[in-house]
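Working notes for the structure below.
We did not get these values from a lab; they are worked out from the coordinates using the rules stated. From a predicted model like this one, the values you see are computed outputs, not experimental measurements. Virtual Cβ from ideal backbone geometry, glycine too; neighbours counted across all protein chains shown.
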């Protein structure tokens with residue numbers, strides 16, 4: 001058996017299928033949680049936007065790059081998340097980079113979960129605030145660190161909803177209580193959890209009943225929204241000031257008409273179409289139970305991300321190759337990109353996966369043992 | 001736990017914590033490089049810093065942690081933060 005490098009190029013056939021080296025495989029590592037990349041409504045909206053508005057905006061939001069549809073998308077986001085303000089960015093990475101670096105400045109404190117995504121760390125670097133890490137998913141540790149801070153300056157706590165490597169979710173209700181008790185704002189990155197949790201996929205905060213208490217909520221259009229772009233919404237009206245001072249917002253071209261149209265159409269599907277988040281969770285439970293039955297121990301309870309820790313990097317690489325040979329693509333995640341230096345086979349589930357596809361994935365894993 | 005400016009006591013606490021994470025037999029002295037000599041990577045150093053933060057009831061900013069190279073760098077930073085607490 002020859003080992004492949006852990007990346008591949010493919011010809012996409014559907015949300016769950018691709019051709020690799022001329023062979024059809026099942027995709028189980030795309031973050032295409034709702035499978036909307038092939039939705040007729042989403043594709044039509046993108047095609048229509050290109051026909052009407054061309055392929056690109058060729059400019060910054062502050063210059064010529066704000067089209068009517070960018071504003072409409074921000075209005076849709078305010079409605080969807082019951083927010084007072086919303087700002088759309090060109091990518092999800094830039095959403096966190098822009099919002100975090102603008103919301104906290106010199107003399108302020110950023111408190112971030114230790115397992116935060118790279119874009120959160122980069123946002124902190126771009127900010128001139130002091131950054132303090134607290135233990136992953138620990139409201140108690142956060143409370144301790146907030147209590148140590150001086151009274152001066154603002155405090156912004158940054159957590160994620162669903163963590164992308166291990167697939168564990170944050171106790172957002174507890175974080176809300178701790179942050180607000182200590183006079184801090186709470187910022188939640190729901191990049192992976194929007195579309196998957198809550199009524200009509202409004203996210204984990206909505207599912208836990210605290211959406212209206214989250215100060216700032218960010219996300220990406222590149223997963224459940226089947227597009228490219230990012231956003232930040234807030235229950236505070238002042239978020240719009242960011243448009244004047246945020247460098248990652250100002251100094252880049254805005255999202256293309258087709259990307260904006262696709263995101264809007266995907267949100268429409270989430271609100272008005274079949275309940276895809278429910279279908280997604282049914283598949284997630286099926287896969288989690290099947291992998292557990294096959295002798296594997298997922299890192300977290302059933303959810304859209306199922307991570308299987310492996311004993312070492314070499315084992316993970318070998319098994320990743322064997323799965324690909326068996327026609328299954330999963331993500332290979334190894335240190336330093338993983339928490340606690342774990343080597344992982346990481347799967348993401350899609351509402352578009354059929355029961356048979358999930359069973360095929362489980363069978364391939366069973367063959368590894 | 002060491003108090004205030006007691007650098008020697010801080011060094012002893014730091015050395016004790018580092019010894020449980022070290023991947024080599026290198027002696028732990030003030031000039032010992034945490035990454036190069038003890039082979040403790042940047043992810044582990046954050047865990048070590050958290051242990052020491054709890055011990056001294058301080059918070060070491062991420063930006064400061066990235067400047068730490070030697071054991072003495074860590075001792076000095078803790079001493080500085082513990083004093084201004």
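Okay, here's what the table says:
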read-out	value
Qualifying residue in segment A:107-114 (condition: more than 11 Å from chain B (Cβ to nearest Cβ), crowded, with 24+ Cβ neighbours inside 10 Å and in contact (Cβ under 8 Å) with a residue 12 or more places away in the chain)	no
Test result for residue A:147, touching a strand residue (DSSP E or B) at 6+ places or on another chain (Cβ under 6 Å) and either away from chain B (no Cβ under 14 Å) or surrounded by fewer than 23 Cβ atoms within 10 Å (Cβ to Cβ) (or both)	no
Residue within segment A:68-86 that is more than 21 Å from residue A:244 (Cβ to Cβ), touching a residue at least 40 places away in the same chain (Cβ under 8 Å) and within 14 Å of chain B (Cβ to nearest Cβ) present	no
Residue ranges of helices (runs of 4 or more DSSP H) in segment A:195-262 with at least 2 members within 30 Å of residue A:51 (Cα to Cα)	A:247-250
Strands (runs of 3 or more DSSP E) fully within segment A:273-369 counting 1 or more residues that are closer than 26 Å to residue A:22 by Cβ	A:331-333, A:343-348
Residue ranges of strands (runs of 3 or more DSSP E) in segment A:20-118 with at least 3 members within 30 Å of residue A:199 (Cα to Cα)	A:85-89, A:109-113
Test set (1) more than 30 Å from residue B:45 (Cβ to Cβ); (2) in contact with a helix residue (DSSP H, G or I) (Cβ under 7 Å, 6 or more places away or on another chain); (3) surrounded by fewer than 19 Cβ atoms within 10 Å (Cβ to Cβ) - residue A:335 fails condition number	(1)
All positions within segment B:24-44 that are touching a residue at least 40 places away in the same chain (Cβ under 8 Å) and closer than 24 Å to residue A:336 by Cα	B:34
Residue A:153 in a loop (DSSP other than H, G, I, E, B), over 22 Å from the mean Cα position of the chain (by Cα) and in contact (Cβ under 8 Å) with a residue 40 or more places away in the chain	yes
In segment A:78-93, residue farthest from the chain's Cα centre (by Cα) [restricted to those that are crowded, with 23+ Cβ neighbours inside 10 Å and within 19 Å of residue A:238 (Cα to Cα)]	A:83
Filter pass, residue A:140 being surrounded by fewer than 20 Cβ atoms within 10 Å (Cβ to Cβ), assigned to a helix (DSSP H, G or I) and more than 13 Å from chain B (Cβ to nearest Cβ)	no
Hits in segment A:157-178 - residues which are within 14 Å of another protein chain (Cβ to nearest Cβ) and surrounded by 24 or more Cβ atoms within 10 Å (Cβ to Cβ)	A:157, A:158
Among the candidates A:52, A:82, residue that is over 28 Å from residue A:207 (Cα atoms) and in contact with a helix residue (DSSP H, G or I) (Cβ under 9 Å, 6 or more places away or on another chain)	A:52
